[in-house]
1. Three principal axis extents, largest first, for the C-alpha atoms of region 203-336, in Å?
2. Compute the helix-to-body angle for 340-357: its Cα long axis versus the longest principal axis of the chain, expressed 0 to 90° and rounded to tens.
3. To the nearest µm²/s, what D does Stokes-Einstein give for region 226-276 at 37 °C and 0.692 mPa s, using the Kirkwood radius over alpha carbon pairs as Rh?
4. If Rh is defined by the Kirkwood formula over all Cα pairs and Rg also comes from Cα, what ratio Rg/Rh do you get for region 288-376?
5. So for the chain: antiparallel DSSP bridges make up what percent, rounded to the nearest 5?
6. Where Rh denotes the Kirkwood radius from the mean inverse Cα pair distance, what is Rg over Rh for the chain?
7. Under the √(5λ) rule applied to the eigenvalues of the Cα gyration tensor, what semi-axes describe the equivalent ellipsoid of region 70-176? Give them in Å, descending.
8. Could you tell me the distance between the Cα centroids of region 305-346 and region 36-59, to the nearest Å?
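Coordinate-derived values only; no laboratory data. All values reported here derive from a predicted model rather than from experimental measurement. With ideal geometry, Cβ positions are generated from the backbone for all residues, glycine too; neighbour counts draw on all protein chains shown.
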Amino acid sequence: MRETSITSVVIIGAGIFGVSSAVQLVRRGVSVTLLNDGPVANGASGRSLSWLNSSRMRSDAYHRLRMAGIDRYRTLAARLGPVEWLSFEGGLTWDADDAANEIDAAYRHEISLAYDAEHLSAGAVEGRVAGVDARMVTQQGAIFNPGEGWVDLPSLIKVLLDEFTGRGGVVVTDAGAARVVVENGRAVGAATASGTMFSADAVLLATGPSVPAMVAEAGQQIDDDTPVSLLVTTKPIAHPLKAVLNTPRVAIRPTPGGAFALDAGWSEEEVERHPDGSFGVRQQTVDGLLDEASKVLAGNPTLECASYGVGKKPIPGDGDPVFGELQAISGYFVAFSHSGATLGLIAGELLAHEIVTGERHPMLADFRPERFARKV
Ligand SMILES: Cc1cc2nc3c(=O)[nH]c(=O)nc-3n(C[C@H](O)[C@H](O)[C@H](O)COP(=O)(O)OP(=O)(O)OC[C@H]3O[C@@H](n4cnc5c(N)ncnc54)[C@H](O)[C@@H]3O)c2cc1C
């Protein structure tokens, strides 16, 4: 393997991409400083549904990357043994009974890729997946993917950071908004809000939804389709559901503390955006999500809200991940993607490989930032 002269890296952003890359870099002997504006995991990674999957239809390249992502979680699970923050109890999904229902097509697609999938009628769901009110499954049936799972990202981030600092990595939290410093067409470090400069041979920008605006400061273009999202966490409840549910009106995953995390497309749309940039969540929206979740859970339990997280969910303009070095600014790497739970471990591994070796990894070939370069 060709090694470059990169011996020090500054990473801006302590979400899953920044932290995963940080630990991979220190494992390779690189000196790493990780800067975050607030406490770690205070962005999307702290309020994510975190369903580990490659279900439904997408490009082959994106599917392969996601499968590699799930593979790395499997390896981690095997290494750690049972932990309450990482689970592979499968995922169950169904669609509304309307013209957009794609369950049959999705199932055929998935089995064509050997993606583990079972097409179940409502009657069959009951005996296969514990904790579901199968009466809610529509007539087209559901897909059960036994190989899927979920992760609690703040727990994973804590484990990774323990290793990172144990190997000498430096974490600087509550540092305010940092920026990448570029000199003579090269990233030379990062400066915090107070003006402290951290020099390095390369910089990784992993600031979640802030990535497009921050690269724009350096004259670079990454298209952005970031929406506002809402994740509601219930109070703990004794319930048999272990799988992740993705249903027409709500997605549900278990949490480490015996509660459920909930989200839905319609609830995101109900989030209020205030002129000062903050967000408002109506009680009615939270109650609506709890109600929709109760309907699809066996026994229709009464669910209570323990907390909710609201904020931006990073999504690139074309929906595909954005990973790698900016072609116009050497040493300036970016990580910006949806599905960052599924991709978190593999993205850190491949980005560290690229930073240290200077080689562009073929698995990231379709996900380069330069695809957004303005056509003149
Ligand atoms: C509601 C919801 C549901 C989701 N569901 C799934 C799912 O089911 N499956 C899946 O795989 N993925 C899912 N995702 C996506 C996944 O959670 C994200 O892709 C991932 O968490 C993004 O991680 P990140 O490191 O890019 O960003 P973040 O976690 O946002 O981290 C970026 C960090 O950078 C910090 N920062 C920003 N600007 C600066 C600055 N200038 N200086 C210093 N620090 C800065 C932020 O405060 C933050 O801590 C979901 C996300 C949400 C929100």
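1. Ordered largest first, region 203-336 gives principal extents of 57, 34, 24 Å.
2. 20 degrees
3. In µm²/s, the coefficient is 269.
4. Radius of gyration relative to Kirkwood radius: 1.20.
5. Looking only at bridges with both residues in the chain, the antiparallel portion is about 70 percent.
6. Rg divided by Rh gives 0.97.
7. So the three semi-axes of region 70-176 are 37, 15, 14 Å.
8. Each part's Cα centre sits 9 Å from the other's.
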